[in-house]
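Single-structure report; data block below.
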Amino acid sequence: MENTQRILKMLKDSGEFLSGQELSEKLGVSRTAVWNMIGKLREEGYQIEAVTNRGYRLVSAQDSDILNEAEIGSALRGVSWAGRNFVFKKETGSTNEDVMQYAGEGAPEGTLVIAGRQSHGKGRRGRTWISPQDGNVYMSLLLKPDYEPQQAPMVTLVAAMAVCAGMRRQGGDFYIKWPNDVVLRVKENGKDSYKKVAGILTEMVMEDAEIRSVVIGIGLNVNMKQIDEEIAETATSLYLGLGRTVNRAKLIGDIWKSFEEYYEEFKNAKDLAPLRERYEAALVNRGRKVRVLDPREPFEGTARGIDESGSLLVETRDKKLRAVSAGEVSVRGIMGYV
Ligand code: BTN
């Protein structure tokens, strides 16, 4: 650990004032060097108080949000493989593209790329994922699975469960909009509405009809203070929805810890059967009227749940259950987005 990080750790561990003298003795450097390192930490965004005759104190880390390698590293300490090997970039084109490239260079399963901004963020259906540097998270994980290509889309539902679980630890009303958007319940003009706070794009690399790698790309609207007008009706951020700053590193750690648990169950079963009930408990569409936007034959019905492959089960007016498979069609609420 370099000395600046050691100072940070000492301040975090103590929570109290530590004198410049004490810090300089512990690190074996001059007090001027300590002062310079405190300056560096402040530049990174850490709030450090300096009081004559008392020393330095880190102002409460609660509700703070600094996304850097050290914070991510300590938040990911609890994972066993998903994110053990991570790369943090202040800015990149697309983290999905980065992971694909690393996969081609032989990176191991669990390699995670996290960025603070993307210049070419990709969304589903060829759309752009708006990726400003405004307190959000853009991240992608590499999987090297040994299951069949038709099982890969199910991983997206597993990832949605992990994002939803990670976000729920922040204390809000989070749900999944089938198949893999995570939404937050907010009050708007006195009425409940659900707005998207996370999107997931899973991409596959195939070779000779076999899966080489799967990349799970997750975009999280976290501390974004303003939502683009074109998406404001259906999207929000945790900051706007919960009314406070969220620590992104902690959120990232919570998501990948949950992912490891759910993914293990999925991998053993090779389908979503063991996760089905928990997925359905978080499914915002459940019991709601939906419109299935099937280009061949759009229809309406009531969403009942999912089957073990992740298809949405929609009950039509004649009481028949139709399975709608993810990737082929999208689903909207009768009255709007949900
Ligand atoms: C969606 O359209 O809902 C999916 C959006 C996925 C965006 C994420 S951000 C990190 C990763 N890199 C990308 O280019 N896209 C995904």
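The values are calculated or read from the model by the stated rules, or taken from the named source; none is laboratory data. All figures in this text were calculated on a predicted structure; none of them were measured in a lab. Using ideal geometry, Cβ is built from the backbone for each residue, glycine included, and neighbour counts are taken over all protein chains shown. Protein only, heavy atoms only, side chains kept; ligands, DNA and RNA dropped before computing areas. Shrake-Rupley method; radii C 1.70, N 1.55, O 1.52, S 1.80 Å.
Among Lys89, Lys122, Lys144, which is the only one that is touching a helix residue (DSSP H, G or I) at 6+ places or on another chain (Cβ under 9 Å), open to solvent by 40 Å² or more (accessible area, probe 1.4 Å) and either more than 29 Å from Gly310 (Cα to Cα) or without any contact (Cβ under 8 Å) to a residue 24 or more places away in the chain (or both)?
Checking each option against the conditions leaves just Lys89.
Could you check how many residues of the range 285-297 are under 12 Å from Arg322 (Cβ atoms) and loosely packed, with under 14 Cβ neighbours inside 10 Å? Show your work before the answer.
Our first condition is that a residue be under 12 Å from Arg322 (Cβ atoms); within the range 285-297, this holds for 290, 292, 294, 297.
Those left that are additionally loosely packed, with under 14 Cβ neighbours inside 10 Å: 297.
Adding up the residues that qualify gives 1.
Could you tell me whether the range 46-59 includes any residue that is free of Cβ contacts under 8 Å to residues at least 40 places away in the same chain, surrounded by 14 or more Cβ atoms within 10 Å (Cβ to Cβ) and β-branched (Val, Ile, Thr)? Yes: one or more hits. Among the residues of the range 186-213, those identified as touching a residue at least 12 places away in the same chain (Cβ under 8 Å) and of a type outside the set (A, V, I, L, M, F, W, C) are Ser193, Tyr194, Lys195, Lys196, Gly199, Thr202, Glu203, Glu210, Arg212, Ser213. Restricting the range 29-43 to residues that are touching a helix residue (DSSP H, G or I) at 6+ places or on another chain (Cβ under 9 Å) and open to solvent by less than 80 Å² (accessible area, probe 1.4 Å), the residue that is modelled with the lowest pLDDT is Leu41. Applying a threshold of 9 Å to beta carbon distances and a minimum spacing of six or more residues, or different chains, the list of pairs starting in the range 158-183 at a residue that is farther than 21 Å from Gly287 by Cα and part of a helix (DSSP H, G or I) and ending at one that is open to solvent by 10 Å² or more (accessible area, probe 1.4 Å) and within 11 Å of the ligand (Cβ to nearest atom) reads Ala159/Thr202. Looking only at the range 127-148, residues that are on the phi < 0 side of the Ramachandran plot and either within 10 Å of the ligand (Cβ to nearest atom) or within 13 Å of the chain's Cα centre (by Cα) (or both) come to 11 in all. Ala160 fulfils the conditions (1) open to solvent by less than 40 Å² (accessible area, probe 1.4 Å); (2) within 11 Å of the ligand (Cβ to nearest atom); (3) out of contact with any Pro (no Cβ under 8 Å at 6 or more places or on another chain) except for a single criterion, (3).
Answer yes or no: is there a residue in the range 93-106 that is among the polar types (S, T, N, Q), away from the ligand (no atom under 13 Å from the Cβ) and surrounded by fewer than 18 Cβ atoms within 10 Å (Cβ to Cβ).
Scanning the range 93-106, I find no residue that is among the polar types (S, T, N, Q), away from the ligand (no atom under 13 Å from the Cβ) and surrounded by fewer than 18 Cβ atoms within 10 Å (Cβ to Cβ), so the answer is no.
Is it true that Glu297 is modelled with pLDDT of 95 or more and more than 15 Å from the ligand (Cβ to nearest atom)? Don't jump to the end; show me each part of the working.
Details: modelled with pLDDT of 95 or more: no; more than 15 Å from the ligand (Cβ to nearest atom): yes.
Considered against the rule, which asks whether it is modelled with pLDDT of 95 or more and more than 15 Å from the ligand (Cβ to nearest atom), Glu297 comes out as no.
Of everything in the range 125-139 that is charged (D, E, K, R) and open to solvent by 70 Å² or more (accessible area, probe 1.4 Å), the residue that is farthest from Glu91 (Cα to Cα) is Arg125. Scanning the range 173-213 for residues that are within 16 Å of the ligand (Cβ to nearest atom) and either of a type in the set (Phe, Trp, Tyr) or at pLDDT below 90 (or both) turns up Phe174, Tyr175, Trp178, Tyr194.
Just wondering, is there one or more residues in the range 259-280 that are closer than 22 Å to Asp192 by Cα, in contact with a helix residue (DSSP H, G or I) (Cβ under 7 Å, 6 or more places away or on another chain) and modelled with pLDDT of 95 or more? Break it down stepwise before answering.
Within the range 259-280, the subset closer than 22 Å to Asp192 by Cα is 279-280.
Now drop any that are not in contact with a helix residue (DSSP H, G or I) (Cβ under 7 Å, 6 or more places away or on another chain), which leaves 279.
Now narrow it down to the ones that are modelled with pLDDT of 95 or more: 279.
The answer is yes; a qualifying residue exists.
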